[in-house]
1. Among Asp11, Asp54, Asp70, determine the one that fluctuates most according to a GNM of the chain built with springs between C-alpha atoms less than 10 Å apart.
2. So how compact is the chain: Cα radius of gyration and Dmax in angstrom?
3. So what is the 222 nm mean residue ellipticity for the chain from helices alone, if each DSSP H run of at least 4 adds -39500 (n - 2.57) and you divide by all residues, rounding to the nearest 500 deg cm²/dmol?
4. Give me a comma-separated list of calculated 3J(HN,Hα) values for the range 11-21, in order, Karplus coefficients 6.51, -1.76, 1.60 applied at θ = phi - 60°, integers in Hz, x for any Gly or Pro.
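What follows draws every value from the coordinates through simple rules; no lab data is involved. No experiment lies behind these values; they were computed from the predicted model shown.
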Amino acid sequence: MLGHWRDPAIDDDEIAWVRDGAQRIAAHEPDNGGYLNYAAPDEPHERVRAAFGDAKFARLLDVKRRVDPDNLFRFNHNIRP
């Protein structure tokens, strides 16, 4: 959930609206992982795993271990080898 507004006087109402929307959307996420494009670059490992789901994450981890065992490509939402 992403919200934008210009008037700081309505911060409390808008923040509440965004949090409520995010909570409603979260109920429909399969693993409560969210959508990583809008997540912080330092999201915890568990949240990155949840966003991909266990099966996809296992495949990505296998590729990471084979292709990038030294974790050169570690920026954004890193999958540690």
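1. For the chain, modelled as a Gaussian network with Cα springs under 10 Å, the answer is Asp11.
2. Final numbers for Rg and Dmax: 16.3, 52 Å.
3. Working: 3 runs with 38 residues, N = 81.
For the chain, the value works out to -15000 deg cm²/dmol.
4. 3, 4, 5, 5, 4, 4, 5, 5, 4, 4, x
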